[in-house]
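Enquirer: Below are the C-alpha cells for one structure; questions will follow.
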Amino acid sequence: MTIDESNRPSLWQSYYGPNLGYVQEQYEKYKQDPNSVDEGYRALFEQHGEPVAPAAALGQAADNGTSTPGKVDTNLLKKAVAAERLVWNIRTYGHLAADIDPLGLSTPSDVRLLDPQEYGLGQRDLAQLPASLIWENAPEEARDGWEAIQILRQKYTGPIAYEFSHVHDEKERNWLNRQVETNSSSQALSNEEKLELLHRLVEVEQFEEFLHKTFVGQKRFSIEGNDALVPMLDTIVRIAARGGARHVLMGMAHRGRLNVLAHVLNKPYGKIFSEFQHSPNKDMMPSEGSMGINFGWTGDVKYHLGARYSMTEEGQSFETRLTLANNPSHLEYVNPVVEGFTRAAQDDRSEKGYPRQDKDKAAAIIMHGDAAFAGEGIVAETLNFNQLPGFQNGGTIHIIVNNRLGFTTDSKDSRSTHYASDLAKGYEIPVVHVNADDPEACLRAAEMAMQYRNLFKKDFLIDLIGYRRYGHNEADDPETTQPLMYGKVKNHTRVASLYGQKLAERGVADSQQYEKYKNEVQDSLKAIYEEVKNDDSQQAFGPINPAGEGAAKASTQTAVPADLLMKINQGLLTWPENFSVYPKLQRILERRTNALAPDGKVDWGHAETLAFATILAEGKPIRITGQDAERATFAHRNLVLHDAKTGEEFCPLHRLPEAKASFAVHNSPLSEAAVIGFEYGYNVHAPETLVIWEAQYGDFVNAGQVLIDQFISAGRSKWTQKSSLMMLLPHGYEGMGPEHSSARPERFLQLAGENNFTVANLTSASQYFHLLRRQALSTETEEARPLVVMAPKSLIRNPRVASAATELSEGSFKLIVEQQGLGDKKEAVERVILCTGKVAVDLEEALDKEKDTDFSWLHIIRVEQLYPFPKEEISKILSGFTNLQEVIWVQEEPKNMGYWTYMDSRLREVAPAGSNVSYIGRPERSSPASGYQHVHAIEQQRILTSALKPNSLKNISLGR
C-alpha cells in the first residue's frame, strides 16, 4: 500500500510523550511480526505507516526547550520517571499504610512517599500515561496511570503488608511482586472452603473457651487473638504434603501450643483434658516451666510436650508425618533443633560420600514470639543457616505469632526496630505482615510462603499480627500494665464471629451459621470431657514409650581385626590421580603408612580417622561439624584435602571401598548454641547416625549452655527424647589463658544424673578409638546417651598418647587406666593419686624424669570415664592396698572448678577405712586460668611437686 505522507501529521499529532513512545513500541513489534500486535494497531500501521511526532509540535517543544528532537516531550518523560519512582515506593513502603493492626494501637506512619503529589504528579498527569508504561503488571481494567496507581496502592496497603525490596535477587523479587500484583498467589476460596475456614476458627475459639471455663485458674497460654495460626498451619502442611514432603517438622513456644497440638497434630481432646483433670500442679503459678511430675522420665508440663501425627491425603498412598518438637520455656532455643530435624529427614545416608539431600522430602515451620524473635540471639544464629551447605534445608517457614507484648513488656521497650520481623531482612528473607483478624488474607500469606519456598528453596517469614486476649498466662491480670490495650481487647469481637458476620453479609452463610458451629463444637467438647471426668484410669503424664524401652543392647566389641585396619589404612592414603596434596600435609599423612606395623604408633588424629572408617564399614553413617571440623582446630584431622594447584576438594572417607554409609563433615558458622541445637536435632531425628559436634576450644561451649541444660542433659528425662550426640571439647591447661584452657567439665558433672550422659577425658589414642566405636555401637540402643569428651590439645601430638596397633585390634575401652610401673608392691603403697586427662600425662613425664627415685609408696589411677562414675573398678584397685593412707585427687583446674567437687564425695565412698581423701590442684579461683605463661608454669610445677614429693619442694624440670 502506498502511504500518503500528508496524512501522517493529522493522525499522529494526537500522540505525544510516553503515549507516542508506546505506539512506537507497538510499531517495532509490528515490523517484526504483524500478528504480535492488536488488530486495531495493525490497521493503523498499514494505513498510516510509522508513527512520528508532528513537525509543528516538535518545533514548539524545541522552542520551549522541553523536547528531545524528533521524539519525546521531556516534561511528560520526567513525569513518567516520577511515576516509576512512585510505583517502586508503593512496593517498598506500602506496608507502612497497610491495614495490619487489629486493635488500631499503632501510631500512624509517615506515608508521604505513597502520595503522587510528593513527586509533582496530579491525577491529570498520571491519566496521560499508559498504565502498562509505569506498571508492568497493570491489569486490563486499569485504563491509565492514575487508575493503575490506585489499584497498586490498594494491593500493597490492604490486610497484608509486603516487604521484598531487601531481596537482592532480581528474579526472586520480581516473582514476589507478581504474586502480589497479579493475585496469582491464591485463587479465591470457594463458598465451601470459606465455611470450612469458619468452622476451623470456631473449633480453635471454643477449645480455648472450654478450657478457660472448665479448668478455672489453670494456665494454658491460649492462642486467642491469633486464632488464624491454626488454619494457616493447615494450609502450609497441606501444600507441603502435596509437594512430596513426607515430614513436616514444627517448633513453637508455649503460647497456642495446646491448640496446635489438638487441631493440627490431632492430639485427642480427651488426652489434653486428662492432663488438666489429673494434673498435680493445678494451683502452681505463675511459671510455665513447672514440671507436671518431676521424677524419672515422667514428663514436662502439658504445654511444652511435642507430638507426632501422620496424615494421609485422600486418594494418595503416601503418609506425611507431622512433628511438633518438645521445647522448654527458653522460647526460641527450639529453632535450631527443628532445623536439625528437617535436614536429617531430607538426607539419605545409605551410601558412601556426602548424604544425598532431597529438599522436598521434609519441610520446617517455626513459630516465634514477637518479643523473643527480636530479643534472643539464637534467632539470628538460626536464620544464618538459610543458605549454608551443611545446614540449609530448602527453606523454613517462619511465623511470628505477634501479640504485641513480651509478658508485660511493650514493643517499644523490647526492640529497636519498627517491626518484630526486621532481623530477617538482613538475611534477605521475604517478609509479609498480615492482619490476624482477616483469616482469608492469612491463608493467602501462607500459600505465598509455601510457593516461594518450593520454588526458590529459601526461608520465608510471616508476621501474624494479632493480640493476646488474656495476660501472659490466664491467671495474670494484664490491665495493671497495659490498661489501654486491654480496654480495647475487652470490647474486640473475636475473629470467628467477625468472619461469620462477613460471610453472612456476603450471602455465603446464614446469620446463624457461627452460632450453629459454636453449639456443635461445645456439645462435642462437653461429651468428651464427661468421659474423661468419669475415667480415673487415664494418666495425665507418663510417656507411652520411655526412652530406651524395648531398645536393643549395645555391643561392647570395639576391637577391629588387624588385617582390616591395614586394608582401610591403605585406602585412606590413596588419592585421586593428578590430585596434588599440599606437600607439607602429604608428608604428615604419609607417616601413617607404617603406623600399624609392629614398631609403629597410631597418633590421636590417625586413631580418629581409623575409627571413622571402621564405623562406616559397618554401615553406620557419621556427621561431624564444628567451626574448623574439616581440618580441626589443631590441624590433626585433615579429612578434607585441598588440591594445592586447583583448590579441588577430596575426602578419603568418601572413596573408601569398605564404606557402606555416608560421611558428612562440615565447617560450621561461628556459633555454638545454634550448631549444638542443630546437631542435637539431627541426631534425635536420625538416631542411627553418629553425630559429633566439635568446639573450636572447649571454653566456648558455654555459649551453648541453654541447649546443654535444657535439651542434651534433660531431654531424656523430660520428654523421653533419646540422643547420642557426641561433643568434643578441647580442654587442658597449657598456659594459653582463661579463655583457652577449660571446657568447664564441672558444669557437665553438675548436670550428671539419672545416667543422662557420659563424660570422659582420655589419655591415649586407642582409648579414643574405642570410645568412638563404643558410641557408634550404642546408637539406637538402650545405652544411647550423649557423650561429652574433654578432648586434647597438646596431647594430640604427644608421643605418650600414641598407641600400638594391637591396642586397636585387640583392646577395648577402659573406664580407668593404671599407671604402668607403679603399684606392683601393694603392701608398700601408701598414696593413690586419681586424676584425669593431661595432668596424668604430665605426672607420667615427671616420673620418667625421676627414674632413680623409689616410688613404691605411690600408685596413680587415670579416671578415663568420669560419669557414670566407675565405682566398682576404683574400689577393686583401692581394696588391694592394705597400707593405704592417702587417696588424693589431682587436677590442673582450680578447686571450685574441674572435677574435685564431683569427685570428693564419691572418693570418700570408695576410700578404704582409715585413709584420708584430699585434693591437690589450683586453689579456688573466679577465673579458670592465669593469663601469664610464667604464672601458669609455676602453678603447674607446684601441683606436680606436691603430688609426687610430699616432703619436698624439689623442682622437677619438664623441659617447658
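The values are calculated or read from the model by the stated rules, or taken from the named source; none is laboratory data. These numbers were taken from a predicted model, which means no experiment stands behind them. Cβ placement follows ideal geometry from the backbone for every residue including glycine, while neighbour counts extend to all protein chains displayed.
Enquirer: Going residue by residue through region 440-460, is there one that turns out to be aromatic (Phe, Trp, Tyr), touching an Asp or Glu at 6+ places or on another chain (Cβ under 7 Å) and either on the phi < 0 side of the Ramachandran plot or outside the structural domain of residue 250 (by the TED database) (or both)?
Expert: yes
Enquirer: Sticking with this structure for a sec: Which pairs turn up if I take residues in region 691-704 that are in contact (Cβ under 8 Å) with a residue 60 or more places away in the chain and assigned by the TED database to the domain that holds residue 668 and look for partners that are surrounded by 20 or more Cβ atoms within 10 Å (Cβ to Cβ) and of a type in the set (D, E, K, R) with beta carbon separation below 6 Å, at least 6 apart in sequence or on another chain?
Expert: Listed pairs, sorted by first residue: 691/623; 691/679; 693/679.
Enquirer: Let me ask something else about it. So residue 499 passes all but one of these: (1) within 27 Å of residue 236 (Cβ to Cβ); (2) in a loop (DSSP other than H, G, I, E, B); (3) not acidic (Asp, Glu). Which condition number does it fail?
Expert: Among (1) within 27 Å of residue 236 (Cβ to Cβ); (2) in a loop (DSSP other than H, G, I, E, B); (3) not acidic (Asp, Glu), residue 499 violates only (2).
Enquirer: Please find, among 148, 161, 142, the residue that is without any contact (Cβ under 8 Å) to a residue 12 or more places away in the chain and either closer than 20 Å to residue 86 by Cβ or not assigned by the TED database to the domain that holds residue 90 (or both). Break it down stepwise before answering.
Expert: Details: 148 fails: without any contact (Cβ under 8 Å) to a residue 12 or more places away in the chain; 161 fails: without any contact (Cβ under 8 Å) to a residue 12 or more places away in the chain.
Unique residue meeting the criteria: 142.
Enquirer: Which members of region 504-521 meet the condition of being of a type outside the set (D, E, K, R) and more than 40 Å from the chain's Cα centre (by Cα)?
Expert: 504, 507, 508, 509, 511, 512, 513, 519
Enquirer: Could you say which residue among 840, 846, 805, 791 is hydrophobic (A, V, I, L, M, F, W, C) and more than 26 Å from residue 946 (Cα to Cα)?
Expert: 805
Enquirer: Any idea how many residues of region 77-100 are in a loop (DSSP other than H, G, I, E, B) and surrounded by 18 or more Cβ atoms within 10 Å (Cβ to Cβ)?
Expert: The total comes to 2.
Enquirer: I would also like to ask the following. Being of a type in the set (Lys, Arg) and either touching a helix residue (DSSP H, G or I) at 6+ places or on another chain (Cβ under 7 Å) or part of a loop (DSSP other than H, G, I, E, B) (or both) is the filter here; which residues of region 112-139 pass it?
Expert: Matches in region 112-139: 112 only.
Enquirer: Can you tell me which residues in region 75-124 are modelled with pLDDT under 95, farther than 21 Å from residue 412 by Cα and of a type in the set (Ser, Thr, Tyr)?
Expert: 119
Yes/no per residue for (1) at pLDDT 95 or above; (2) in contact with a Lys or Arg (Cβ under 8 Å, 6 or more places away or on another chain):
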{"residue": "569", "(1), (2)": "yes, yes"}
{"residue": "582", "(1), (2)": "no, no"}
{"residue": "585", "(1), (2)": "no, no"}
{"residue": "590", "(1), (2)": "no, no"}
{"residue": "599", "(1), (2)": "no, no"}
{"residue": "603", "(1), (2)": "yes, yes"}
{"residue": "610", "(1), (2)": "yes, no"}
{"residue": "643", "(1), (2)": "no, no"}
{"residue": "654", "(1), (2)": "yes, yes"}
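Enquirer: Restricting to region 685-707, what's the tally of residues that are surrounded by fewer than 24 Cβ atoms within 10 Å (Cβ to Cβ), in a helix (DSSP H, G or I) and aliphatic (A, V, I, L, M)?
Expert: Counting residues in region 685-707 that are surrounded by fewer than 24 Cβ atoms within 10 Å (Cβ to Cβ), in a helix (DSSP H, G or I) and aliphatic (A, V, I, L, M) gives 2.
Enquirer: Then there's this: Please state which one of 509, 551, 547 is under 30 Å from residue 778 (Cβ atoms) and either in contact with a strand residue (DSSP E or B) (Cβ under 9 Å, 6 or more places away or on another chain) or at pLDDT 65 or above (or both).
Expert: On the way: 509 fails: under 30 Å from residue 778 (Cβ atoms); 547 fails: either in contact with a strand residue (DSSP E or B) (Cβ under 9 Å, 6 or more places away or on another chain) or at pLDDT 65 or above (or both).
Criteria check complete, one pass: 551.
Enquirer: Test residue 636 against the stated conditions and say whether it is assigned to a strand (DSSP E or B) and over 20 Å from residue 725 (Cα atoms).
Expert: no
Enquirer: Right, here's the next one. Collect the residues in region 94-135 that are polar (S, T, N, Q) and within 27 Å of residue 441 (Cα to Cα), keeping them in residue-number order.
Expert: 106, 107, 109, 132
Enquirer: Something else now. Report the residue count in region 602-633 for those that are in contact with a helix residue (DSSP H, G or I) (Cβ under 8 Å, 6 or more places away or on another chain), part of a loop (DSSP other than H, G, I, E, B) and among the basic types (Lys, Arg).
Expert: Selection size over region 602-633: 1.
Enquirer: Return the total of residues in region 478-514 being in contact (Cβ under 8 Å) with a residue 12 or more places away in the chain and among the charged types (D, E, K, R).
Expert: 2
Enquirer: Got at least one residue in region 588-595 being in a loop (DSSP other than H, G, I, E, B) and among the aliphatic types (A, V, I, L, M)?
Expert: Within region 588-595, one or more residues are in a loop (DSSP other than H, G, I, E, B) and among the aliphatic types (A, V, I, L, M).
Enquirer: Please indicate, with yes or no, whether at least one residue in region 750-770 is buried (at least 20 other Cβ atoms within 10 Å of the Cβ) and charged (D, E, K, R).
Expert: Among the residues of region 750-770, not one is buried (at least 20 other Cβ atoms within 10 Å of the Cβ) and charged (D, E, K, R), which makes the answer no.
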